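Accompanying notes for the structure given below.
We did not get these values from a lab; they are worked out from the coordinates using the rules stated. Fair warning: this is a prediction, and the values are worked out from it, not measured in the lab. Cβ atoms come from the backbone with ideal geometry, glycine included; neighbour counts cover every protein chain shown.
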Amino acid sequence: MANTVATKKRLRITWVKSLIGAKQPQRGTIRALGLKRRGQTVEHDDTPVIRGMIAKVSHLVTVEEVEVAE
């Protein structure tokens, strides 16, 4: 039997656009994602909750899928 390494998907989220003119819920979503300053990058597990948060601020962030060995 071949050795297979289980991989887990993670999302690398980078805040790229300013919050000037953004509504309060968008500001809260950026903060809830763990982003404190523009240009910062965080990683989260790929869950429906995180995907929903990204959808609300998709115009402010960039997202990359990263596979991590468990």
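For the pair Arg51 and Ala69, the difference between a 0.36 nm per residue extended length and the Cα-Cα distance amounts to 4.4 nm. Over the chain, with a single point scatterer placed on each C-alpha, what log10 of the ratio I(q)/I(0) does the Debye formula yield at q = 0.19, 0.22, 0.25, 0.29 1/Å? Calculated log10 I(q)/I(0) at the listed q: -0.71, -0.90, -1.11, -1.40. Model label points for Ala6 and Ala32, set 7 angstrom from Cα along the Cα-to-Cβ axis, are 2.9 nm apart.
Each stretch of four or more DSSP H residues adds -39500 (n - 2.57); spread over every residue of the chain, this sum gives -7500 deg cm²/dmol at 222 nm.
Given a Förster distance of 30 angstrom, what is the FRET efficiency for Thr62 paired with Gln24, based on the Cβ-Cβ distance and rounded to 0.05? Working shown, then result.
Values: r = 23 Å, r/R0 = 0.75.
Once the sixth-power term is evaluated, E becomes 0.85.
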